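Student: Questions regarding the structure given below will be posed in turn.
The values are calculated or read from the model by the stated rules, or taken from the named source; none is laboratory data. All figures in this text were calculated on a predicted structure; none of them were measured in a lab. Quick reminder, even Gly has a Cβ in these numbers, built from the backbone with ideal geometry, and neighbours come from all protein chains shown.
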């Protein structure tokens with residue numbers, strides 16, 4: 001692949017630095033006007049951390065969150081607004097609706113009660129009162145399950161829900177405070193003990209998280225969430241053998257638990273056990289589980305301005321539970337990875353019908369719809385979710401410190417990070433396999449600039465596996481060959497959906513002048529080229545005269561001879577063209593442009609084997625002129641189409657496009673491809 005390296009800075013996230021709030025809000029308003037809601041939401045979330053007292057930031061974040069159906073961030077924004085303006089009943093009613101959508105019914109109940117206390121004559125007071133009446137029996141049931149009464153236990157129950165909400169959105173300090181508050185008041189309440197293990201994990205104390213989860217199992221050996229947490233902790237600390245027994249116990253557990261099927265699916269996804277996950281899904285369906293093969297039957301969330309929606313969610317709380325949509329996403333990943341492509345597509349489509357903003361499902365479905373040679377391979381989690389929380393935190397800090405526009409500083413920072421975090425390096429093979437596009441691209445682009453042994457080993461694994469687009473794995477293979485980890489002359493890669501043994505193209509692209517001529521010859525050549533562009537017999541005849549003068553002066557210049565062949569071609573002198581091309585190839589075997597003409601002559605005669613042999617010989621080159629490379633790619637595209645291999649033609653076009661994106665003949669190459677694929681589509 002051509003060594004035109006991309007900057008790491010282009011794929012690393014940046015920050016705000018010193019900013020002006022008014023200017024930033026103007027930018028946010030522009031994003032919202034253009035319906036760029038995810039970008040607006042991200043910017044507002046960052047601004048919320050820097051300007052926590054700005055009501056406008058939180059109002060905008062609440063609005064942007066609703067536009068993207070992100071009820072977690074909507075609840076966060078409304079909580080902040082009720083703190084900043086505790087006399088605004090609208091905020092409390094909106095918060096209650098958000099809590100309902102996030103299935104935090106006790107927090108919703110509290111918010112609706114506060115809203116009514118502030119304004120009992122509010123426009124939605126009657127609807128809010130009906131929702132409260134529906135929730136109060138649930139409160140009694142929850143407190144009974146916890147062994148408490150409303151008089152002594154409401155605060156504990158609310159603290160527990162608050163700790164869960166804080167964990168969901170990453171407010172770990174608040175989550176710890178709330179969780180410890182629950183445990184202090186109710187030490188035998190195991191869900192809070194499970195939450196404490198998650199707090200330890202988020203804070204970077206993996207061993208305390210493991211110890212805490214085990215302590216729950218000492219009290220309840222089949223506790224679903226403790227078992228699932230232990231699978232996560234062991235899998236992400238590179239101890240799959242220790243995770244497996246807990247996964248087996250988790251699958252066998254019939255203990256009552258919130259969303260136990262999702263917990264089981266997550267555990268199997270962390271262990272990359274696709275077969276077991278599909279078996280579990282079939283068992284789920286056999287037990288009457290929802291296959292998502294019908295219209296949405298359960299509200300995803302409540303609108304801040306639609307209390308009736310909140311009431312629908314309240315009704316749904318009493319219906320038979322269905323796993324979260326992430327459960328179905330993880331099942332779809334397993335299906336896609338076991339060649340059950342249509343079932344995976346159908347399941348992702350059903351998920352997106354319920355939540356069009358579930359980005360990981362949307363991206364996976366789009367990837368699966370691409371031609372096989374362009375797919376990254378289904379991924380259950382974003383690549384960052386495979387990292388330990390403190391490692392991810394340090395990684396982001398490294399980028400923030402070094403993102404000053406100076407590439408050397410960024411490279412040095414990442415080199416030090418890799419040396420200091422062997423857990424990151426150890427997880428790279430899993431990221432290459434199941435970390436999605438961003439993880440795979442980051443791996444290859446980083447390896448282009450940092451020759452860390454662990455990094456290069458992961459690049460080799462990516463190159464020799466089936467995950468990632470063909471072009472990206474070709475780049476990875478070249479990096480591995482340069483590091484002497486594989487033989488570039490005899491490497492077997494997964495290309496266009498099958499294994500193929502090839503010689504890697506490892507070369508530089510340049511635009512240096514290939515042949516220098518005297519001033520007089522240069523003048524004749526320039527005039528001849530201008531005439532040849534007219535592509536007429538008369539102009540070609542004049543060009544022939546000029547080129548013969550030039551050849552007489554410089555008889556050992558293959559470019560002059562090749563242009564003479566072009567002059568013969570435009571005059572229709574086919575036999576002389578063939579003879580001259582053959583002569584040039586014999587005298588100058590390394591002259592690529594004539595060799596490409598020879599390839600086309602072989603293809604014209606149906607001799608595809610000899611044609612490909614010439615092309616493979618030039619694949620061993622270390623350097624190409626930009627026009628040589630374009631001619632080489634175009635000729636390979638022609639050969640692939642002649643061999644009825646459009647996927648192979650596409651691969652060469654993509655390589656050409658990636659390396660020389662502005663070459664004038666690239667569009668011609670794509671036109672040939674489109675004409676071929678369109679013709680054969682009509683013939684089907």
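Student: Considering (1) modelled with pLDDT under 95; (2) out of contact with any helix residue (DSSP H, G or I) (no Cβ under 7 Å at 6 or more places or on another chain), say which one residue 221 fails and leave the rest.
Tutor: All conditions pass for residue 221, except number (1).
Student: Got at least one residue in region 630-644 being modelled with pLDDT of 90 or more and out of contact with any helix residue (DSSP H, G or I) (no Cβ under 7 Å at 6 or more places or on another chain)? Please lay out each step first, then the result.
Tutor: First pass over region 630-644, keeping only residues modelled with pLDDT of 90 or more: 630-644.
When the remaining residues are screened for being out of contact with any helix residue (DSSP H, G or I) (no Cβ under 7 Å at 6 or more places or on another chain), the result is 644.
Within region 630-644, one or more residues are modelled with pLDDT of 90 or more and out of contact with any helix residue (DSSP H, G or I) (no Cβ under 7 Å at 6 or more places or on another chain).
Student: Let me ask something else. Taking region 488-530, which residues are crowded, with 16+ Cβ neighbours inside 10 Å and under 30 Å from residue 433 (Cα atoms)?
Tutor: 488, 491, 493, 494, 495, 496, 502, 504, 505, 506, 507
Student: I'm checking my understanding of the structure. Among residues of region 218-243 that are within 20 Å of residue 160 (Cα to Cα) and surrounded by fewer than 21 Cβ atoms within 10 Å (Cβ to Cβ), which one is nearest to the chain's Cα centre (by Cα)?
Tutor: Per the stated criteria, the residue is 220.
Student: Moving on. Just need a number here: residues in region 381-412 that are part of a loop (DSSP other than H, G, I, E, B) and either modelled with pLDDT under 85 or within 22 Å of residue 497 (Cβ to Cβ) (or both).
Tutor: First, pick out the residues of region 381-412 that are part of a loop (DSSP other than H, G, I, E, B): 381-382, 387-388, 403-406.
So of that shortlist, the ones also either modelled with pLDDT under 85 or within 22 Å of residue 497 (Cβ to Cβ) (or both) come out as 403-406.
So the count comes out to 4.
Student: Considering only residues that are in contact with a helix residue (DSSP H, G or I) (Cβ under 6 Å, 6 or more places away or on another chain) and assigned to a loop (DSSP other than H, G, I, E, B), look in region 511-539 and name the one that is farthest from residue 591 (Cα to Cα).
Tutor: Checking each candidate, the answer is 535.
Student: Restrict the check to region 583-596 and report whether at least one residue is under 29 Å from residue 658 (Cα atoms), in a helix (DSSP H, G or I), touching a strand residue (DSSP E or B) at 6+ places or on another chain (Cβ under 9 Å) and without any contact (Cβ under 8 Å) to a residue 60 or more places away in the chain.
Tutor: Checked against the condition, which is being under 29 Å from residue 658 (Cα atoms), in a helix (DSSP H, G or I), touching a strand residue (DSSP E or B) at 6+ places or on another chain (Cβ under 9 Å) and without any contact (Cβ under 8 Å) to a residue 60 or more places away in the chain, region 583-596 yields at least one hit.
Student: Another question about this same structure. If you take the residues in region 645-677 that are in contact (Cβ under 8 Å) with a residue 12 or more places away in the chain and assigned to a loop (DSSP other than H, G, I, E, B), which one is nearest to the chain's Cα centre (by Cα)?
Tutor: Result: 660.
Student: Quick check on residue 164: is it surrounded by 20 or more Cβ atoms within 10 Å (Cβ to Cβ), closer than 22 Å to residue 232 by Cα and modelled with pLDDT under 90?
Tutor: Details: surrounded by 20 or more Cβ atoms within 10 Å (Cβ to Cβ): yes; closer than 22 Å to residue 232 by Cα: yes; modelled with pLDDT under 90: yes.
The answer is yes for residue 164.
Student: How many residues are crowded, with 23+ Cβ neighbours inside 10 Å and over 15 Å from residue 386 (Cα atoms) if we restrict to region 264-279?
Tutor: 3
Student: Return yes when residue 182 is over 17 Å from residue 165 (Cβ atoms), surrounded by 20 or more Cβ atoms within 10 Å (Cβ to Cβ) and not assigned by TED's automatic domain parsing to the domain that holds residue 426 and no when it is not. Give the steps one after another, and end with the answer.
Tutor: Numbers: over 17 Å from residue 165 (Cβ atoms): no; surrounded by 20 or more Cβ atoms within 10 Å (Cβ to Cβ): yes; not assigned by TED's automatic domain parsing to the domain that holds residue 426: yes.
Criteria not met by residue 182.
Student: Sort through 535, 542 and tell me the only one that's modelled with pLDDT of 95 or more and not assigned by TED's automatic domain parsing to the domain that holds residue 491.
Tutor: Values: 535 fails: modelled with pLDDT of 95 or more.
After applying the criteria, what remains is 542.
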